[in-house]
Amino acid sequence: MRATSVVSRPRHLVWWWAALLLAVMGVIEYWFFVTQRPGQWADQVAFAAWTRWWPRTGLDSPVRDFLDLLPTLCAAIATVFLIYRVIRDRRFSRAMLASVAVVAAVGSTQLLKHVLLVRPDYNFGTTMNSFPSGHTTTAAAAMALMYVVSPPKLRPVIGPVAWGFATITGLATLISGWHRPSDIAAGFMVAGFWMVAACAVLQVGQPLSARVRPSRWSRRVGIASLVCWALVIMLSWVLPHPHIQQVPSWLLALYAALGVVHIIATALVVGLCLRSVVLGPSRRKARHR
């Protein structure tokens, strides 16, 4: 009896399903939380709750200073890491495509926010469109670049640390009053979409992963996160929507919590989609004869 290695039926999302999922989620985010009255109300109340509470902690100024430095910080971290990987591995195509994906993510975010998308005025607050969040897109794209160009052995460490940094950045933009939850969620989706597309191109001639250990946790966490994201939308639709200036404290706290869940669930879905695309094409199993 001898063992041969054969490609198994994919247990990860192929790139087009991941890209489609992120695109559909982004469309739903914009349609419900920006163009529909209940969604925009829920988004604005979550934003207003954190804007009211967070300054009382005395940490508002340090968080805002961090957000001011964020684009430069992300660019510096990603550039140093990118140069190191290029010098070490001499693989310019991977670095180039990942860099193009970052530029495309940041550029398309600015185009969507300032040119293409419109925010209807329901008299809930500012009518200026802030969807998607540029800070979140920048952080997520830079951290995704680090994950993609890192060696396979280091990805189990670099991935959670880098994506955790991006998630904390997204939460910071909410609690400091810079962006609404849907803006931040959309920033993750835009960054994830472009990096998934870059990975799809890279996998054609330069597989990103030589060996993948069997695991089910990522699928379970991904499905659970997707369900949580859908529940946030459902609850935002069915929960009470009183006058924006007369929201009781318990409802304010509930929407504030929904905003946090919204961001974390989206970050998990996007991060696991990217992980799945990076790992999926090279999955193999042994068959005995």
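The values are calculated or read from the model by the stated rules, or taken from the named source; none is laboratory data. Not measured: the values here are computed from a predicted model. Here the Cβ positions follow ideal geometry from the backbone for every residue, glycine too, while neighbour counts run over all protein chains shown. Areas reflect the complete protein model, heavy atoms only, side chains present, ligands, DNA and RNA absent. Shrake-Rupley method; radii C 1.70, N 1.55, O 1.52, S 1.80 Å.
Observations on the structure shown:
- Residue count for the stretch 12-55, restricted to those that are basic (Lys, Arg) and buried (at least 20 other Cβ atoms within 10 Å of the Cβ): 0
- Number of the exception - SER150 against (1) open to solvent by less than 30 Å² (accessible area, probe 1.4 Å); (2) under 27 Å from SER130 (Cβ atoms): (2)
- Qualifying residue in the stretch 92-107 (condition: touching a residue at least 40 places away in the same chain (Cβ under 8 Å) and under 30 Å from ALA48 (Cα atoms)): yes
- Note on the stretch 113-141: among residues that are in a loop (DSSP other than H, G, I, E, B) and among the hydrophobic types (A, V, I, L, M, F, W, C), the one that is modelled with the lowest pLDDT is PHE124.
- Check on PRO62, without any contact (Cβ under 8 Å) to a residue 12 or more places away in the chain and under 20 Å from LEU174 (Cα atoms): yes
- Here PHE92 meets the list (1) touching a helix residue (DSSP H, G or I) at 6+ places or on another chain (Cβ under 7 Å); (2) open to solvent by 30 Å² or more (accessible area, probe 1.4 Å); (3) within 26 Å of LEU171 (Cβ to Cβ) almost entirely, failing just condition (3).
- Only residues that are in contact with a His (Cβ under 8 Å, 6 or more places away or on another chain) and of a type outside the set (Val, Ile, Thr) were counted across the stretch 144-169, and they come to 0.
- Test for ILE233: is it at pLDDT 90 or above, in a helix (DSSP H, G or I), within 23 Å of MET143 (Cβ to Cβ) and open to solvent by 20 Å² or more (accessible area, probe 1.4 Å): no
- Flag for VAL80 being surrounded by fewer than 17 Cβ atoms within 10 Å (Cβ to Cβ) and farther than 18 Å from ILE158 by Cα: no
- Exactly one residue out of GLY58, GLY125, GLY134, GLY159 is crowded, with 17+ Cβ neighbours inside 10 Å and farther than 22 Å from MET195 by Cβ, and it is GLY125.
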